[in-house]
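Q: Just dropping this structure here.
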Amino acid sequence: MKRIFILIAYFLLFNISCVFSQDIQSYKNDLRTLFLNNQAIIYEINLRTFNANDANDNDIIDFDDENERKGTFLNAISRLDELKQFNINTLHVLPITKTGKIKALGTAGSLYALSSFSELNPQLSYANDNETIKKEAKKFIEECHKRDIRVIIDLPSCGAYDYFLTNPNLFIKNQNLQSITPLDWVDVRLFKTKDENGKLFDDLYKEHVKFVDLMLELNVDGIRADVATIKPYIFWKNLIDYTKSKDNEFLFLAESSDSWNKPVSEYVPFTNYFNLLKAGFDGYYGSFFDLKSYKNVSQFEKLISFNLKLFKKFNNQKSVIGCFSTHDELSPILVGGKNFSILTMWLNATLNINPYFVDGIYGGDNYIYKFSNKKLNYSFTDNDIAYVHEGKLDIFNFSRKPKNDDIVLINMFKKALDFRINNQEIINKGQFSILKTSNKNVFAYQIEHNKQKIIVIFNNNYDKSFKNVFVYVNFNAPLEQVSTLSKNIIFSKNKIITDLQTAEVQVYTENL
């Protein structure tokens with residue numbers, strides 16, 4: 001009898017392992033297609049904090065407390081189902097490469113201070129696990145794929161000072177043979193992309209190929225290139241061609257904007273957004289983060305029409321992300337309160353772009369940390385000051401998990417993304433048009449397709465509310481209120497008359 005049970009157990013284990021193996025083997029990258037169809041719903045995470053446990057609530061991980069833990073590849077897995085319920089289908093993972101420790105910013109070191117193109121960050125490993133960090137990374141990505149979540153990994157643009165000391169040949173030097181610090185990025189140095197003859201610097205290019213090979217080995221689905229503008233056209237073209245010869249669905253997303261027109265240093269080239277797309281990038285950031293500075297609806301209209309015209313030049317084989325907020329931008333809560341957070345959700349949900357969110361935004365994190373810029377008792381770098389960018393996702397320390405505990409925002413986040421999924425055809429195929437309003441601070445647009453219409457109205461003033469605003473729109477059937485705060489709404493012939501709170505967004509649908 002015991003032997004029969006053992007045989008049954010072996011049979012079950014064999015079949016489970018076969019099913020798991022088939023799931024992995026059957027997965028096929030489709031991210032580029034998803035992105036070009038504006039169906040990638042992207043969520044940006046910092047694995048070092050993504051599922052960290054700050055038991056004593058002081059915002060920093062205390063490593064001498066056995067109840068506290070840093071974020072790792074493995075403990076990140078338990079949050080994937082949470083993201084899946086919000087329809088997240090793509091993760092943008094901030095850099096997972098080894099970071100520098102000399103002349104560092106923060107007590108863990110900036111994620112963007114790269115010290116190796118081919119080594120993973122040991123900080124992301126589970127200390128009590130016997131597996132290699134590469135296997136842990138593969139496990140995390142496999143678990144993402146099992147949930148139909150694609151993975152984009154961030155490629156830093158500069159090297160840590162540590163890397164400069166060990167590989168000085170890869171870096172630009174001035175007349176005094178000193179490394180070059182871009183802007184105020186004091187913890188990193190600029191790479192050398194061209195040789196003395198002005199040709200592509202092969203040594204640096206080969207290091208980037210190592211990074212690509214590592215990503216392909218891990219079954220990553222795409223790369224986001226940090227400050228892509230500081231490398232020349234031919235550099236990116238060669239690297240993208242190389243990568244797509246191995247996986248044509250591999251996505252390349254450029255951190256670039258049509259509003260950026262200057263290099264970060266006189267020592268590096270500047271490749272604008274158009275030439276980056278021409279080199280093979282599938283998408284870029286655009287300028288959606290400029291929304292908060294717009295004074296009238298014509299600026300917003302120009303933003304939308306600019307991208308529509310741009311992508312037509314590429315036969316609609318390029319796209320853009322809804323970067324209203326990124327880890328480089330202030331938390332929406334600090335910009336315009338909860339209403340602005342909700343506004344970014346609905347703009348992402350209704351515009352014909354790839355929605356993009358940062359961990360913590362949907363739950364109302366203001367990214368204000370109790371330890372901010374204070375001296376800590378311990379450090380993993382040569383800096384014991386817990387440097388942070390105030391109001392932005394921390395990328396410099398072993399900090400707490402981003403807060404996602406505002407129920408109102410959480411429910412609205414789910415509602416907005418459910419709405420997008422249910423109205424994907426209207427949003428992607430519909431005719432976009434700006435609506436006239438009686439107030440220059442109030443922007444409005446509609447999307448119309450197959451006798452269905454989505455109407456979005458929002459107050460782009462984050463300090464003032466407005467009463468009795470006229471929005472001129474034709475509708476032939478009663479409008480359904482999808483998201484509104486105002487109770488004072490009148491549907492009149494050829495117009496909507498409504499009140500709007502600061503940064504409030506209102507969404508309506510019409511179905512004939």
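The values are calculated or read from the model by the stated rules, or taken from the named source; none is laboratory data. Everything quoted here is computed from the prediction, not taken from an experiment. Cβ coordinates were reconstructed from backbone atoms using ideal geometry, including for glycine residues, and neighbour counts include every protein chain displayed. Please note that ligands, DNA and RNA were not included when accessible areas were found on the heavy atoms of the full protein model with its side chains. Shrake-Rupley method; radii C 1.70, N 1.55, O 1.52, S 1.80 Å.
Q: What's the number of the only condition in (1) over 20 Å from Phe357 (Cβ atoms); (2) buried (at least 24 other Cβ atoms within 10 Å of the Cβ) that Thr90 fails to meet?
A: Status for Thr90: all satisfied but (1).
Q: Looking at Asn38, is it at pLDDT 95 or above and in a loop (DSSP other than H, G, I, E, B)?
A: Judged against the criteria, Asn38 is a match.
Q: Does segment 233-246 include one or more residues that are among the charged types (D, E, K, R) and in contact (Cβ under 8 Å) with a residue 60 or more places away in the chain?
A: Looking for residues that are among the charged types (D, E, K, R) and in contact (Cβ under 8 Å) with a residue 60 or more places away in the chain, one finds none in segment 233-246, hence no.
Q: Please name all residue pairs, on different chains or six or more residues apart, with Cβ atoms under 8 Å, provided the first residue is in segment 142-153 and is closer than 15 Å to Leu47 by Cα and the second residue is part of a strand (DSSP E or B) and open to solvent by 10 Å² or more (accessible area, probe 1.4 Å).
A: Once the first residue is closer than 15 Å to Leu47 by Cα and sits in segment 142-153, its partners that are part of a strand (DSSP E or B) and open to solvent by 10 Å² or more (accessible area, probe 1.4 Å) give Cys144/Arg150.
Q: I've got another one for you. I'd like the full set of residues that are outside any loop (DSSP other than H, G, I, E, B), in contact (Cβ under 8 Å) with a residue 40 or more places away in the chain, open to solvent by less than 30 Å² (accessible area, probe 1.4 Å) and not basic (Lys, Arg), limited to segment 206-228.
A: His208, Phe211, Leu214, Met215, Gly222, Ile223, Ala225, Ala228 - these are the residues of segment 206-228 that are outside any loop (DSSP other than H, G, I, E, B), in contact (Cβ under 8 Å) with a residue 40 or more places away in the chain, open to solvent by less than 30 Å² (accessible area, probe 1.4 Å) and not basic (Lys, Arg).
Q: For segment 415-444, enumerate the residues that are more than 24 Å from the chain's Cα centre (by Cα) and within 10 Å of Thr350 (Cα to Cα).
A: Selection gives Ile426 alone.
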